[in-house]
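Here is the structure we will look at, set down as structure tokens.
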Amino acid sequence: MIQSRHVFKIALCAAAIAAAIAGYRYVNAAPEPVPVAAPVPTITPGLIELGASAPHLSSLRISTVNAEALPLSEPLTGRVTYDENRTTRVSSPVAGRVTGLHAEIGDVIARGALLATLDAPDLATADADWRKAQADEMRKKLALERARTLFEGEVIARKDVESALADQQQASAETRRAGLRMKSLHATGTENGQYRLTAPLAGVVADRQINPGLEVRPDLPAPLFVITDLNQLWVIVDVPDRSATGLKTGQAVTLDTDAWPDQHFAARIERVGLTLDPGTRRVQVRCAVSNPDHKLKPEMFVRVAFLSGDGAKQAIPLPNTSLFAEGVASYVFVEKKPGTFEKRRVNVALRGRDTSYVDTGLTSGERVVTDGAFLLNAEGAGDAR
């Protein structure tokens, strides 16, 4: 009996010790960490805030926008050509063989500069006829003077003087004819039949279709040289009749090219066609553009935008990838600060195939999401849900 009590006391002491140890551990145990939720974009109506490490930022393209004159219509395709008032196409007026070349493509030449030398038998014949006519005129002039002297001495009759006068006038006419023939060939007297082909205008040699030894003639389909002033060019554009009614001479034009995507070229309307092309049903409009740095090249295609009036009405051009619609309204995202974008409603004054013009809702100098606006809008809609 005494032994069982002793065992009971020992068990009771062990239980008390175990309870004390458990209580100590509970009191001094560290609290378990509470899981923290990942940060989410701040949701404010019309405003999207992304963290600096948000993956969406890498897929966005943001550009600064600037206002410019509002075009009358969607840009049309035009073609750059030579200014024909500053261009000459040089051909040989005589048949011959090329014996020397003195100008290459790209050479800047003065008026009257030597372009090529030709061996031209026709020129030798024309020169011989001219010299013969000069000699015959001189001989008949002396005969007329002699006849007048004899007539004054009553040695010959009046009819002989009149006959000598007629002969002298015929010889003078033949000399003028031969001289005009040489002038039309732009040639002076020569003894070896060498024709000097010269430049009628100053400019740049833009094209050359002549080689040493080539046989040339006046009726060749292509000119031997094209000389032009590349500082001034024309742009030819075919305009639909509905758009041509508001165009007038002197109106401002802006040109865009794929070769220089970040640059606009200013031009002016020089001529508006009076009739429609029966095939295309369009009016041809000719614009003049200054080209001092020679960035524009003849036969280059450009996009031509005719500006409204004197260009007083301003609008901001935006790529269509920056615009998205909700209902009948158009919106863009404007960067307020890095990672923060404001959804803003805008009015599209002119919608084009690649570029549209916004006249209200934006101001020059603001930064707009030009690529990735749909993704950003979807992100904002998802967060709102």
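Summary table
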| read-out | value |
| --- | --- |
| Matching option when the condition is at negative phi, of a type in the set (A, V, I, L, M) and in contact (Cβ under 8 Å) with a residue 12 or more places away in the chain, among Ala166, Ala173, Ala267 | Ala267 |
| Among the residues listed as Ala312, Ala329, the single one being modelled with pLDDT of 85 or more and either under 30 Å from the mean Cα position of the chain (by Cα) or farther than 20 Å from Gln263 by Cα (or both) | Ala329 |
| Count of residues meeting criterion [assigned to a strand (DSSP E or B), within 21 Å of Arg97 (Cα to Cα) and not aliphatic (A, V, I, L, M)] in segment 200-232 | 4 |
| Any hit, segment 127-148, residues being touching a strand residue (DSSP E or B) at 6+ places or on another chain (Cβ under 6 Å), farther than 30 Å from Leu230 by Cα and not small (Gly, Ala, Ser) | no |
| Checking Leu255 against (1) free of Cβ contacts under 8 Å to residues at least 40 places away in the same chain; (2) in a strand (DSSP E or B), the condition it does not meet | (1) |
| Only one of Asp129, Asp160 that is at pLDDT below 90, under 53 Å from the mean Cα position of the chain (by Cα) and not assigned by TED's automatic domain parsing to the domain that holds Arg367 | Asp129 |
| Residues located in segment 225-241, provided they are more than 30 Å from Arg208 (Cβ to Cβ) and either surrounded by 17 or more Cβ atoms within 10 Å (Cβ to Cβ) or hydrophobic (A, V, I, L, M, F, W, C) (or both) | Asp238, Val239 |
| Test result for Gly96, under 30 Å from Glu215 (Cβ atoms), assigned by TED's automatic domain parsing to the domain that holds Val216 and surrounded by 13 or more Cβ atoms within 10 Å (Cβ to Cβ) | yes |
| Single unsatisfied condition, Ser91 versus (1) more than 33 Å from the chain's Cα centre (by Cα); (2) under 27 Å from Leu201 (Cα atoms) | (1) |
| Hey, Asp277 in the same structural domain as Lys248 (by TED's automatic domain parsing) and not small (Gly, Ala, Ser) or not | yes |
| Candidates Ala244, Ala222, Ala199 - the one that is among the hydrophobic types (A, V, I, L, M, F, W, C), within 30 Å of Arg282 (Cα to Cα) and surrounded by 13 or more Cβ atoms within 10 Å (Cβ to Cβ) | Ala244 |
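Results for (1) at pLDDT 95 or above; (2) aliphatic (A, V, I, L, M), shown as yes or no for each residue.
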| site | (1), (2) |
| --- | --- |
| Trp234 | yes, no |
| Ser243 | no, no |
| Thr249 | no, no |
| Ala252 | no, yes |
| Asp258 | no, no |
| Pro261 | no, no |
| Phe265 | no, no |
| Gly279 | no, no |
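Here's the yes/no breakdown for (1) closer than 30 Å to Asp229 by Cβ; (2) touching a Phe, Trp or Tyr at 6+ places or on another chain (Cβ under 7 Å); (3) touching a residue at least 40 places away in the same chain (Cβ under 8 Å):
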position	(1), (2), (3)
Arg281	no, no, yes
Asn291	yes, no, yes
Met300	yes, no, yes
Leu307	yes, no, yes
Lys313	no, no, yes
Ala325	no, no, no
Ala329	no, no, no
Gly339	no, no, yes
Gly361	no, no, no
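The values are calculated or read from the model by the stated rules, or taken from the named source; none is laboratory data. Note that the structure is predicted; figures quoted are calculated from it, not measured. Here the Cβ is made from the backbone with ideal geometry for all residues, glycine too, and neighbour counts use every protein chain on show.
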